[in-house]
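Notes follow the structure.
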């Protein structure tokens, strides 16, 4: 953990109807001083929306050899490389070569991100998906974060319903192919 990181604790009630995943999670998340609340919340959402056995948060913003979230099998092999924000093409290329599946979750405008990857060498770019939320959703949700936050997260038919300590929000999850 980076010096000066702030620890956030999330009690998550996850109901992903689309994938049949129902879990109660206790997440301790270190927020680096240079990390925005929106980026940290997007990491937490990515973790929850991709939840499966072997999932873990990566080494943080400074980690060059790990994504924000990753999934490893029982042998330790990385099976899913899950980036957050706006990773560069080289990072996506590296992750896609290493893992079976690569996904990017962003709190930014996907129309501004997709062109930065166009024409760049990215291994299996046609299999990588960029997932985004409705404009303003992550900003609004981040405004309600506390150091300890109870989250109820439900996903059904591509629609995300989020309750953050009594504040109800919703967003569609938009998928944008890289290639």
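The values are calculated or read from the model by the stated rules, or taken from the named source; none is laboratory data. Because the structure is predicted, anything quoted here is derived from the model rather than measured. Positions of Cβ are backbone-derived with ideal geometry, glycine not excepted, and every protein chain shown enters the neighbour counts.
Data for the structure
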item: Selection status of residue 141, surrounded by 14 or more Cβ atoms within 10 Å (Cβ to Cβ) and within 17 Å of residue 42 (Cβ to Cβ); result: yes
item: Matching residues, region 62-88, being over 19 Å from residue 124 (Cα atoms) and surrounded by fewer than 18 Cβ atoms within 10 Å (Cβ to Cβ); result: 62, 63, 64, 72, 73, 74, 75, 76
item: Residue list for region 145-159, restricted to those being loosely packed, with under 13 Cβ neighbours inside 10 Å and either in a loop (DSSP other than H, G, I, E, B) or on the phi > 0 side of the Ramachandran plot (or both); result: 146, 147, 157, 158
item: Which numbered condition residue 55 misses (of (1) closer than 21 Å to residue 96 by Cβ; (2) under 10 Å from the mean Cα position of the chain (by Cα)); result: (2)
item: Leading residue by the ranking (farthest from residue 42 (Cα to Cα)) among those in region 113-135 that are part of a helix (DSSP H, G or I) and within 18 Å of the chain's Cα centre (by Cα); result: 127
item: Which numbered condition residue 30 fails, given (1) surrounded by fewer than 17 Cβ atoms within 10 Å (Cβ to Cβ); (2) modelled with pLDDT under 95; (3) under 16 Å from the mean Cα position of the chain (by Cα); (4) in a loop (DSSP other than H, G, I, E, B); result: (4)
item: Candidate set: region 160-175, residues that are in contact (Cβ under 8 Å) with a residue 40 or more places away in the chain and exposed (fewer than 15 other Cβ atoms within 10 Å of the Cβ); chosen: the one nearest to residue 119 (Cα to Cα); result: 175
item: Where a residue in region 104-131 is closer than 12 Å to residue 93 by Cβ and its partner, wherever it lies, is in a strand (DSSP E or B), with Cβ under 8 Å and at least six apart; result: 124/102; 128/102; 128/103; 128/104; 128/177
item: Selection count where residues are more than 30 Å from residue 75 (Cβ to Cβ) and surrounded by 11 or more Cβ atoms within 10 Å (Cβ to Cβ), scope region 110-123; result: 7
